[in-house]
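Encoded as structure tokens, here's the structure I'll be asking about.
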Amino acid sequence: MPHILIVDDSPTERHFLKSVLIENGYDISLAENAEQGIEMAKAEHPDLILMDVVMPGMNGFQATRFLTKSPDTASIPVLMVSTKSDQTDQVWASRQGAKAYITKPVDGKFLLESVKNHLA
């Protein structure tokens, strides 16, 4: 069963993403901020990370850049999940190493397709 780490400061978003993924057979871990997400990624080595952009402290762009540049976590695909829908945000996410960009509100079917397409 693939293991997915969800990094999002919103309890509502974490719950929604977790529910959709658990219902479809994924093992889930939850992080409430970018710093916690980085530590969990290093410790758990999930198969994929769903990363919010706007969070207090370190933002998702910074965390994604750190994870994709670190030898311990560089092989883990990161998918950005954000309310920020501008093309420039999507390009910036890609430059930080994100494999895909999903805008909120998240469509469950699209989420599942994106996850399946990016699992190694």
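Throughout, read-outs are computed from the coordinates displayed, never taken from laboratory work. The structure presented is a predicted model; accordingly, all values stated were derived computationally and were not measured. We place every Cβ from the backbone using ideal geometry, glycine too, and count neighbours over all the protein chains shown.
Restricting attention to the stretch 93-114, report how many residues are surrounded by fewer than 18 Cβ atoms within 10 Å (Cβ to Cβ), assigned to a helix (DSSP H, G or I) and not aliphatic (A, V, I, L, M).
So the answer is 6.
Same structure, new question: When you go through (1) touching a residue at least 24 places away in the same chain (Cβ under 8 Å); (2) closer than 11 Å to residue 5 by Cα; (3) in a helix (DSSP H, G or I) one by one for residue 65, which number turns out not to apply?
Of everything listed in (1) touching a residue at least 24 places away in the same chain (Cβ under 8 Å); (2) closer than 11 Å to residue 5 by Cα; (3) in a helix (DSSP H, G or I), residue 65 misses just condition (2).
When residue 73 is evaluated against the numbered criteria (1) more than 10 Å from the chain's Cα centre (by Cα); (2) under 20 Å from residue 17 (Cα atoms), which criterion, by number, is the only one it fails?
Condition not satisfied by residue 73: (2).
Any residue in the stretch 81-92 that is surrounded by fewer than 15 Cβ atoms within 10 Å (Cβ to Cβ), within 21 Å of residue 2 (Cα to Cα) and touching a Leu at 6+ places or on another chain (Cβ under 9 Å)?
no
What do you reckon, is residue 8 of a type outside the set (A, V, I, L, M), surrounded by fewer than 18 Cβ atoms within 10 Å (Cβ to Cβ) and touching a Lys or Arg at 6+ places or on another chain (Cβ under 8 Å)?
No, not satisfied.
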